[in-house]
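Each remark here refers to the structure printed beneath this line.
Every number here is computed from the coordinates shown, using simple stated rules; none is lab data. Quick caveat: nothing in here was measured; it's all calculated off a predicted structure. Here the Cβ is made from the backbone with ideal geometry for all residues, glycine too, and neighbour counts use every protein chain on show.
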Amino acid sequence: MTSPSSSSSPKGPKAALADALDRAAIDASCRLPVLLFFGSAIAWLLVGSVFALLAAIKLTTPEFLADHAWLTFGRVRPAHLNAVAYGWSSTAAIGVAIWLMARLCRVPLRHARILVAAAVLWNLGVAIGVTAILAGASNAIEWLEFPTYAAFILFVSYAFIAVWAVLMFRERRPGHVYVSQWYIFGAFFWFPWLYSVVNSMLVFWPVQGSVQAIINWWFGHNVLGLWFTPIALASTYYMIPKILGKPIHSYYLSILGFWSLALFYSWNGGHHLLGGPIPAWLQSASIVASVMMLIPVITTAINFHMTMRGSFALLRTSPALRFTVFGAMCYTVVSAQGSSMALRSLNKLTHFTHYTIGHAHLGMYAFFTMTMFGAMYYITPRLVRWEWPSAFLIKAHFWLASTGILLMVVSLTLGGLIQGIELENPKVPFLTIVAHTIPWLHARSWSGALLTTGHLAFALSFVLILLRTGKQREGPTLFTKERSFP
Amino acid sequence: MNRGLTLFVGILATFTLAWAGLVLIPYLQFGRVTDYVSEETGQTLPPPMSGLAQRGHEVYAAEGCVYCHSQQVRGESQGSDLARGWGVRRTVARDYIGERPHFLGTMRTGPDLSNIGRRQSSVEWHHKHLYRPQSVSPGSVMPPFRFLYSLRKIVGEPSADALKLDGLDAPPPGWEVVPTPDAKALVAYLLSLDRSYPLPEAPTE
């Protein structure tokens, strides 16, 4: 069976009703922990957006808020990254993964207390970590800036979540294990492992010199590939068939996609150091792994596309589907771009430029974050038993987010290419290059303003649905019946 | 795939394989590089960092200089780093053995600093630049680090290490701007950045 639930099997109305009641019971059991993760994720999204705007403005206007050590660019920028990576993205991912696990294990969520404790600890860890960065206690290792005490709290919280996941999995109703569960399982193992190995080799007992850089970028890339990506794919594999009400196109493609991702993504990372002081074989291995990533990406893209075929019209009615499919499409684009960036000829140009930042946002925002928005739009009404009060806010959110991220990626990509081409030419003075990047960086700041406005709309929606404002709508379980989204 | 165990073993195996390949082997291969004592000069290379420079290394970490500056010089075929005068040779693993954390960096909003101590050896320039980068590099987007300096009333003799600031930056009469210990350490660190010594694996000719 290749659909995320048993509802595709032919059944009488009685069985369908029983199924719906089952699902409603599962959703009710998830309410507290999942809403806790969602709510705090959205709060961090807002915090992260503020840091992002500050950093963006500082990059064109260095005197802006320059006299406060806590707000210097070199602190605000990692504060942004960590607030959005650990505060927003990870927290959202955990919330979505918990709900998916419960739905796919087909049993009401148990041991909610473990998850509530994990949520509290997780937020505490992120808050301490971000504050430490602002206070100047950062490790200054990209993606791993949190000092040991904060990292440790995150690790403990994560251990709780992993234990919970294993318990849930063992208590699942017998039957098919759906592809989303493989991804969630992978992610739940990979992340704590990756995080603890890397923290111990870089922070607790740091290894020598440039080996640190290798490990740093192995993490920097694998946290994307083995943590954020699997959760987003798990969500997409669930949402698309679920919302369309038909099974995923091919079971075999999804197996191929999963194992090839596990095999190749984990070998990525070294291409962040092309030409750097690391062994040549390692650079080559990473280039090969990057290019091989085309296999899982193309397989998954075909699988999603074939499932969507004939149903693209639904993108107009279902917000959850629209966000999710937007994310899925960007997954293909960002991955193909990533593979090309590992090639020496292009890497030489883009390596130290804003092009890479554009790529990072295409991945973490256009793909991952949009997918999470989609999932939250689907899941939240089921938890609070109330439909989203305002279609306008959702629409505003979608258009601000999509045009915002488009503007950001285009401006950083073009600005980065110009920067890279000029850096390659030693006759162009450095300050000329700086001057040429500024207009693109201004555009980026504007894109940040669009995204932030979108986040405010989303946060407002979320508060309104929690408060159950507006009038009660019929048939809360099937979002596709929602017609107020033209 | 219905077996939790198959899934688990596969997840474990793929990851362990990559960890061994990308972390363990590089670590075994060159995680214990030692410094090199030059036969000609008897000098230990790379030269060990002074305590003050080490402290400056920490300031560099806290202020996030690494988000705008790389410290790695790629070889000729890999970019124009050498042609830009950012070094006389590519940097190699041995250059970094004393650094925790590493500052290889991924971004060049500002120039590479692998050899800044050699390129710009004036303490005064560095202080002026850190105080307000635009005063010496018009059009720079580097942020000012004025919070690493203190404005102080001159009591008796002016301090020997007071900055010689003019124009916009000049303190009011009777006042002076002096570097904090952090600023001094940071500049000592910047001046220590000189990876132009020859190594067997990276000769300078």
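Some notes on this structure:
- Peptide B:4-12 has a mean of 5 when you count, residue by residue, the C-beta atoms of other protein chains within 10 Å of its C-beta.
- Hits among lysines - C-alpha to C-alpha of A:K348 under 21 Å, sequence gap 8 or more where chains match: A:K427
- Computed log₁₀ I(q)/I(0) - Debye formula, equal Cα scatterers, no solvent, segment B:142-204, q 0.12, 0.28, 0.30 Å⁻¹: -0.45, -1.25, -1.31
- Over all pairs of different C-alpha atoms, segment A:229-336 has a mean inverse distance whose reciprocal, the Kirkwood radius, equals 15.0 Å.
- Taking a straight Cα-Cα cut-off under 25 Å and skipping sequence neighbours fewer than 8 places away in the same chain, the lysines within cross-link reach of A:K471 are A:K395, A:K481.
- When each of the peptides A:308-318, A:97-107 is scored by how many other beta carbons lie within 10 Å of its residues on average, the order from highest to lowest is A:97-107, A:308-318.
- Peptide A:221-229 has a mean of 1 when you count, residue by residue, the C-beta atoms of other protein chains within 10 Å of its C-beta.
- Fraction of alpha-carbon pairs over 22 Å apart in chain B - percent: 60
- When Rg and the Kirkwood Rh are both derived from Cα coordinates, the Rg/Rh ratio for segment A:360-441 amounts to 1.24.
- Taking a straight line from the alpha carbon of A:K14, these aspartates and glutamates sit under 17 Å away, with near neighbours fewer than eight places off in the same chain left out: A:D22.
- Of the peptides A:136-143, B:6-13, the ranking by mean beta-carbon count within 10 Å, highest at the top, reads A:136-143, B:6-13.
- Over segment B:76-185: Kirkwood hydrodynamic radius from C-alpha pairwise inverse distances, Å: 16.4
- Stokes-Einstein D (µm²/s) once Rh is taken as the Kirkwood radius of segment A:143-220 over alpha-carbon pairs, at 25 °C in 0.890 mPa s: 173
- Calculated over segment A:21-175: convex hull of Cα atoms, volume per residue (Å³): 104
- Relative intensity, log₁₀ I(q)/I(0), of the protein assembly as shown from a Debye sum that treats every alpha carbon as a point, q = 0.05, 0.08 Å⁻¹: -0.25, -0.62
- Peptides A:230-239, A:408-417 ordered by average Cβ neighbours within 10 Å, highest first: A:230-239, A:408-417
- Only Cα sites of segment A:309-352 enter the Debye sum here, all with the same form factor; the resulting log10 I(q)/I(0) across q = 0.14, 0.19, 0.29 1/Å is -0.49, -0.64, -0.96, listed in q order.
- Radius of gyration, Dmax [segment B:1-91; alpha carbons; angstrom]: 21.0, 67
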